[in-house]
Amino acid sequence: MQCHAKVLERAEAEGARSMATTLTLYLGVWPWTYLLQVGDSRYYVYKDGELTQVTRDQTMAQDLVEQGVFTRADAERSRFAHVLSSAIGGHSTMPQVTRLKADWRNIHLLCSDGLTRHVTDERIREVLGSMTSAKQACDTLLADALAGGGSDNITIVVGRAVPAAA
């Protein structure tokens, strides 16, 4: 909330009409994983061949899906698909904190909508399932997003916990 206040303060000082951003923050404190999320940047976990989107997109379209106004397909095609209902520095900010049990088998993906707008969850699952390194997975996903149109900034972080060597 302090970050949100600082961005609002800076926007006002610079005379900017709007200055906002999204955030997905991962903090691993064994045996837990903590996530803080604002906006439509996402956190996924890949484990045992399954890809799960853990965070919820904070967009007007997702809000309308949850209210039963839109189907998921309608939401993806809607002009509200990328209109944030919560953002740091936006009109409203509602940080969501999630605590998950850590697992050595988890592969973590944090990404902006620049990736998910152009690369399907199925393709993300395929890349994470066959990755040889985090760098290789990020490079492949970035190439896929750019080939798919790359119309927004593309942020991709892939990682996993590795037990310390004895």
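Using R₀ = 30 Å, calculate the FRET efficiency as 1/(1 + (r/R₀)^6) where r is the Cβ-Cβ separation of residue 102 and residue 139; round to 0.05. Kindly include the intermediate steps, with their values, before the conclusion.
Details: r = 26 Å, r/R0 = 0.87.
Between residue 102 and residue 139 the formula returns 0.70.
What size of dipole, in debye to the nearest 20, comes out for the chain about its Cα centre when the only charges are +1 on Lys and Arg C-beta atoms and -1 on Asp and Glu C-beta atoms?
Details: 17 positive and 19 negative charges, 69 e Å.
Dipole magnitude for the chain comes out near 340 debye.
Got a sec? Charge dipole of region 95-166, +1 on Cβ for Lys and Arg, -1 for Asp and Glu; which of 104, 157, 146 is way out at the positive end? The Cα lying farthest towards the positive end belongs to 104. Most mobile of 110, 64, 23 per a Gaussian network model of the chain (Cα springs, under 10 Å)? With Cα springs under 10 Å in the chain, the top fluctuation among 110, 64, 23 is at 64.
For region 54-161, the carbon plus sulfur part of the accessible surface works out to 53%, probe radius 1.4 Å. The lysines within cross-link reach of residue 101, meaning a Cα-to-Cα straight distance under 29 Å and a gap of 8 or more places when in the same chain, are 47, 135. Among 135, 101, 47, the residue with the largest mean-square fluctuation in a Gaussian network model of the chain, with springs joining Cα atoms closer than 10 Å, is 101. Between residue 155 and 112, 114, 115, the built amide H atoms are under 5 Å apart, and every one of these is 5 or more places off in sequence or on another chain.
The calculated P(r) of the chain, using every Cα pair and 10 Å bins from 0, goes 10, 34, 36, 18, 3, 0 in percent.
Given a 10 angstrom Cα cut-off, can you work out which residue in 100, 109, 25 is the most mobile in a GNM of the chain? Of 100, 109, 25, the most mobile in the Gaussian network model is 100. Over the chain, accessible surface divided per residue gives 59 Å², non-protein components excluded, 1.4 Å probe.
The values are calculated or read from the model by the stated rules, or taken from the named source; none is laboratory data. If you're wondering where the values come from, they're calculated on a predicted model, not measured in any experiment. Counting neighbours? That spans all protein chains shown, and the Cβs are built from the backbone with ideal geometry, glycine included. Quick note on the areas: whole protein, heavy atoms, side chains included, nothing else; ligands and nucleic acids left out. Shrake-Rupley method; radii C 1.70, N 1.55, O 1.52, S 1.80 Å.
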